[in-house]
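One structure is given below, encoded as structure tokens.
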Amino acid sequence: MTTTPTPETSPAERLHTIGAVCERLRDEFPDISISKIRYLEDQGLLQPSRTRGGYRLFSEADVERLIMILRLQRDEFLPLRVIKEELRAPTADRAKRRAAGLRAHEEEIDMAELCERAGISAEFARQLEDFSLLAPRIEAGDRLYRESEADIALACARIARHGIDARHLRAFRTAAGRQSALLEQIVAPALRSRNAERRSAALEDLENLAGVAQELAQLLLTRDLKEVADR
């Protein structure tokens with residue numbers, strides 16, 4: 001249930017117990033639970049206030065933050081460490097941060113860490129490699145992956161839970177490859193320029209195009225799935 005305002009809280013801001021938050025969000029997030037919210041707090045993603053007795057109280061801002069976290073997990077398959085970075089950035093910068101992978105340096109991880117982050121087996125990781133969904137760099141016989149490859153592996157694993165194997169997931173890789181090739185044609189001449197300013201401008205164009213292409217792909221997919229739902 002919703003609590004009454006505490007003396008430190010203005011009457012306009014009502015606070016909510018963890019149970020009330022669960023009930024409020026259950027329609028959109030059926031798998032929400034008190035233990036999941038506590039886990040997100042343990043990971044430093046939420047900081048609800050506490051009563052003198054130690055009970056958690058969530059403000060509207062806390063609830064909105066929780067909704068954003070859950071949507072980033074569900075809709076964009078982001079791991080918690082990436083979500084934490086997203087939440088640190090101002091709202092206007094989040095789209096740019098997503099595209100920053102085009103220029104930003106990425107650390108490399110080995111297969112064991114990739115599997116741990118994505119929650120997959122080494123066998124499944126090798127299957128994803130076989131169908132070009134993961135693209136490691138081989139050095140002295142060791143497989144090294146960009147950190148973002150773990151995010152790809154996690155997304156593949158979530159889809160695979162519905163009975164779709166790596167062989168069929170290749171359709172996503174093929175579609176992405178075609179989109180990438182199309183955008184490359186637009187900016188390739190400028191990217192190969194010896195002029196640093198022109199190359200920088202081309203990268204910015206590519207980032208913007210990537211964002212728009214992602215949005216277009218999402219809109220087209222949603223339209224097609226609505227047609228499926230309406231049949």
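The values are calculated or read from the model by the stated rules, or taken from the named source; none is laboratory data. Bear in mind the structure is a predicted one, so any value in this text is a computation, not a measurement. Cβ atoms come from the backbone with ideal geometry, glycine included; neighbour counts cover every protein chain shown. Surface areas here come from the heavy atoms of the whole protein model, side chains and all, with no ligands, DNA or RNA. Shrake-Rupley method; radii C 1.70, N 1.55, O 1.52, S 1.80 Å.
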Only one residue in Arg14, Arg50 is loosely packed, with under 12 Cβ neighbours inside 10 Å and either aromatic (Phe, Trp, Tyr) or more than 19 Å from Arg71 (Cβ to Cβ) (or both), so which one is that?
Arg50
For Arg137, the lone unmet condition from (1) basic (Lys, Arg); (2) touching a helix residue (DSSP H, G or I) at 6+ places or on another chain (Cβ under 7 Å); (3) at pLDDT 90 or above is (2)
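Are any of the residues in region 176-184 more than 28 Å from Ile120 (Cα to Cα) and open to solvent by less than 80 Å² (accessible area, probe 1.4 Å)?
Yes - at least one qualifying residue is present in region 176-184.
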Report yes if some residue within region 158-175 is in a loop (DSSP other than H, G, I, E, B), in contact (Cβ under 8 Å) with a residue 24 or more places away in the chain, open to solvent by 40 Å² or more (accessible area, probe 1.4 Å) and in contact with an Asp or Glu (Cβ under 9 Å, 6 or more places away or on another chain); otherwise report no.
no
Among the residues of region 123-157, what is the count of those that are among the hydroxyl-bearing types (Ser, Thr, Tyr) and buried (at least 16 other Cβ atoms within 10 Å of the Cβ)?
1
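Among the residues of region 53-82 satisfying the criterion of being of a type in the set (A, V, I, L, M, F, W, C) and over 25 Å from Gly119 (Cα atoms), which is surrounded by the fewest Cβ atoms within 10 Å (Cβ to Cβ)?
If we take residues in region 53-82 being of a type in the set (A, V, I, L, M, F, W, C) and over 25 Å from Gly119 (Cα atoms), then Ala61 is surrounded by the fewest Cβ atoms within 10 Å (Cβ to Cβ).
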Within region 7-117, considering only helices (runs of 4 or more DSSP H) that don't extend past its boundaries, which have at least 3 residues that are modelled with pLDDT of 85 or more?
18-25, 34-42, 60-76
Kindly indicate whether Thr4 is modelled with pLDDT under 90 and of a type outside the set (D, E, K, R).
yes
Considering residues of region 190-207 that are in contact (Cβ under 8 Å) with a residue 60 or more places away in the chain and either over 23 Å from Ser132 (Cβ atoms) or in contact with a Lys or Arg (Cβ under 8 Å, 6 or more places away or on another chain) (or both) only, the residue least open to solvent (accessible area, probe 1.4 Å):
Glu207
What's the number of the condition Val187 fails, among (1) over 23 Å from Leu133 (Cα atoms); (2) surrounded by fewer than 10 Cβ atoms within 10 Å (Cβ to Cβ)?
(2)
